[in-house]
Amino acid sequence: MEAKLDKQRTQEFARKLFGFYTSGVLTLMVDIGHRTGLFEAVAKGPGGSQEIAARARLSERYVREWLCALATGGVLEYDAASRTFSLPPEHAVCLTGTSSRNLAAASQGLPMLAARLARVVECFRNGGGVPYSEYRPDFTEFMDASWRLLYDGLLIKGFLPAAKGLPERLEQGIRVADLGCGTGHAINLMARQYPNSTFVGYDLGEDAVVRARAEASEMGVSNARFEVLDVTRLPGEPKFDLLTSFDAIHDQRDPATVLRRAAGALLPDGVYLMIEPKASSRLEDNIGSPFTPYMYGVSVLHCMTVSLAEGGAGLGTAWGTETARRMLDEAGFKSVDVVDAPGPQNSIFICRLEAR
Ligand SMILES: C[S@@+](CC[C@H](N)C(=O)[O-])C[C@H]1O[C@@H](n2cnc3c(N)ncnc32)[C@H](O)[C@@H]1O
């Protein structure tokens with residue numbers, strides 16, 4: 001017999017559930033707007049569907065339906081008297097332009113992950129995982145697109161000064177490596193900013209490394225190089241003054257070895273900046289945070305499964321500060337400070353070999 005239901009609670013949950021589906025569809029609408037230039041077209045000023053379609057050189061009927069979805073979804077405003085749509089300036093900064101507040105590219109994550117859904121469901125039944133190779137090349141593109149503006153706006157002025165004295169050391173000239181560098185934008189920006197230092201980016205993904213090298217040559221930086229390398233094999237010599245990893249430890253097959261190798265490749269007074277999603281290792285602390293459902297979900301759909309595919313640790317995206325601290329300690333880092341990264345969803349672990 002069906003348990004006696006609290007009718008109001010049932011209705012509230014049904015509404016919430018449908019809200020998930022609405023948000024998913026609106027995410028896809030944001031992706032379309034980002035890919036087609038429609039946000040820039042609407043941002044030029046209020047317009048009807050004909051005018052906005054003409055601005056973006058797109059089919060009016062599709063544009064009109066898209067405009068209706070975003071107007072009812074609270075992204076655009078609609079003026080019924082003039083039948084025009086507009087993008088409020090506060091929304092425009094989150095969807096257009098080159099500042100780190102533009103989050104539009106992150107919408108690419110949903111279709112990229114959804115394309116692997118059937119494979120992930122197989123793993124629920126049979127165990128194992130979906131390997132990194134099955135996510136490329138669109139995963140590489142997604143990571144590049146969603147981090148590029150953050151690096152442009154915040155790497156030099158926000159992330160690096162988290163370690164006291166680091167910008168000055170970079171000015172003077174030090175050796176730097178980025179572990180899991182992806183398309184290498186962080187390395188290329190640092191190399192341009194600090195010509196006296198030398199930089200290397202390591203990644204497993206050949207497609208990512210090819211893009212990183214191409215960008216280095218486009219930017220004319222000669223003090224950065226990129227190598228396809230499994231960082232569980234990071235050599236202990238020659239050592240580095242600075243190691244970085246941006247969102248690249250929790251999905252490792254063998255994160256403990258990577259952290260041990262990082263400690264082994266660092267000079268005694270060196271520093272390792274590990275940027276990872278901001279979460280607690282205790283589920284109960286993560287309930288109520290707006291970002292953690294996203295982290296656990298992305299973990300199922302990518303970060304955990306790519307690790308499990310290699311028989312790995314499957315730490316998960318929300319492995320959290322406590323587990324990270326323990327693993328850094330076990331790897332040999334005697335001093336670990338944790339600060340919020342610029343933007344709300346990441347932490348910077350400032351790791352040193354010497355106790356302070
Ligand atoms: C979530 S992505 C982050 C990429 C990059 N740091 C960025 O900000 O765009 C993780 C990266 O780590 C790389 N990776 C995973 N395991 C690796 C390993 N053992 N050795 C080298 N790279 C690895 C992946 O290929 C991927 O590019």
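The values are calculated or read from the model by the stated rules, or taken from the named source; none is laboratory data. Keep in mind the model is a prediction, meaning the values are calculated, not measured. Cβ sites come from the backbone with ideal geometry, for glycine too, and all protein chains shown count toward neighbours. What goes into the accessible areas is simple: the full protein's heavy atoms, side chains included, and nothing from ligands, DNA or RNA. Shrake-Rupley method; radii C 1.70, N 1.55, O 1.52, S 1.80 Å.
Go through V176, V298, P137 and say which Cα lies farthest out towards the positive end of the charge dipole of region 111-352; charges sit on Cβ, +1 for Lys and Arg, -1 for Asp and Glu.
V176
First select every other residue whose beta carbon is under 12 angstrom from the beta carbon of R101; then total the charges, Lys and Arg +1, Asp and Glu -1.
-2
Where does the charge balance sit around L189 when Lys and Arg score +1, Asp and Glu -1, over other residues with C-beta under 14 Å from its C-beta?
-2
Given the Cα-Cα distance of L5 and E171 and 0.36 nm per residue of separation, how much length would full extension add, in nm?
Separation in residues times 0.36 nm, less the Cα-Cα distance, equals 53.2 nm.
Take the alpha carbon atoms of region 173-216, find their center, do the same for region 24-57, and report the distance between the two centers in whole angstrom.
34 Å
Given charges of +1 on the Cβ of Lys and Arg and -1 on the Cβ of Asp and Glu, with all other atoms neutral, how large is the dipole of region 111-352 about its Cα centre, in debye to the nearest 20?
280 debye
Output the 0 to 90 degree angle, nearest 10, between the alpha-carbon long axis of helix 7-36 and the longest principal axis computed from the alpha carbons of the chain.
80 degrees
Along the positive direction of the dipole of the chain (beta-carbon charges: Lys, Arg +1; Asp, Glu -1; about the Cα centre), which of S347, Y21, G316 reaches farthest?
Y21
Near F85, within a Cβ-to-Cβ distance under 9 Å, what is the net charge of the other residues, with Lys and Arg +1 and Asp and Glu -1?
It works out to a net charge of -1.
Provide the percentage of antiparallel DSSP beta bridges, counting only those with both residues in the chain; round to the nearest 5.
45 percent
At what distance in nm do the modelled label points of T72 and A54 sit from each other, each positioned 7 Å from its Cα along Cα→Cβ?
Between T72 and A54, the label points sit 2.7 nm apart.
Would you mind calculating the relative contact order of the chain from Cα pairs under 8 angstrom and at least 6 residues apart, reporting the percent as a whole number?
Relative contact order here is 13 percent.
Please give the solvent-accessible surface of W147 in Å², to the nearest 10, using a probe radius of 1.4 Å with every protein chain present.
Accessible area, nearest 10 Å²: 30 Å².
Note down the nm distance, to one decimal, between modelled labels 7 Å out along Cα→Cβ at S217 and at S99.
Here the modelled spin labels are 3.6 nm apart.
May I ask you to list the lysines whose Cα is less than 26 Å away from that of K7, ignoring any residue fewer than eight positions away on the same chain?
K16
Could you report the accessible area of Y78 in Å², rounded to 10, computed with a 1.4 Å probe on the protein chains as they sit in the structure?
That residue has around 110 Å² of solvent-accessible surface.
Could you give the dipole magnitude of region 7-97 about its Cα centre, charging the beta-carbon of Lys and Arg +1 and that of Asp and Glu -1, in debye to the nearest 20?
With Lys and Arg at +1 and Asp and Glu at -1, about 320 debye.
Would you kindly find the accessible area of M190, with a 1.4 Å probe and non-protein molecules such as ligands, DNA and RNA excluded, rounding to the nearest 10 Å²?
My reading of the accessible area for M190 is about 0 Å².
Which order do R35, R225 take when ranked by solvent-accessible area (1.4 Å probe, heavy atoms of all protein chains), largest first?
Highest to lowest solvent-accessible surface, that is R35, R225.
Got a number for carbon plus sulfur as a percent of the chain's accessible area, 1.4 Å probe?
Accessible surface attributable to carbon and sulfur in the chain totals 55 percent.
Assign one of three labels to region 111-352, namely rounded, prolate or oblate, based on the Cα gyration tensor with a ≥ b ≥ c the square roots of its eigenvalues; rounded applies when a/c is under 1.5, prolate when it is not and a/b is larger than b/c, and oblate otherwise.
prolate
What is the distance in Å between the Cα centres of region 106-156 and region 253-330?
Answer, in whole Å: 16.
Treating only the Cβ of Lys, Arg, Asp and Glu as charged (+1, +1, -1, -1), what charge dipole size does region 290-343 show about its Cα centre? Round to the nearest 20 debye.
40 debye
Suppose each label sits 7 Å from its Cα in the direction of the beta carbon; what would the E90-L28 distance come out to in nanometres?
Going from the E90 label point to the L28 one covers 2.9 nm.
Express in nm, to one decimal, how much length is gained between E237 and V210 on full extension, taking 0.36 nm for each residue of separation and deducting their alpha carbon distance.
Result for the pair: 7.2 nm of gain on full extension.
Tell me, what is the percent relative contact order of region 70-128, built from C-alpha pairs under 8 Å that lie six or more residues apart?
Relative contact order here is 15 percent.
Heavy atoms only, 1.4 Å probe, whole protein assembly: order R356, R211, R192 by accessible area, highest first.
R356, R192, R211
Only helical DSSP H runs with n ≥ 4 go in: add -39500 (n - 2.57) per run for the chain, normalise by residue count and round the 222 nm mean residue ellipticity to 500 deg cm²/dmol.
-13500 deg cm²/dmol
At 1.4 Å probe radius, can you tell me the per residue accessible area of the chain in Å²?
It amounts to 51 Å² per residue over the chain.
Expressed in nm to one decimal, what extension gain is obtained for the pair R282 and N196 from 0.36 nm per residue of sequence separation less their Cα-Cα distance?
That works out to 26.7 nm of additional length.
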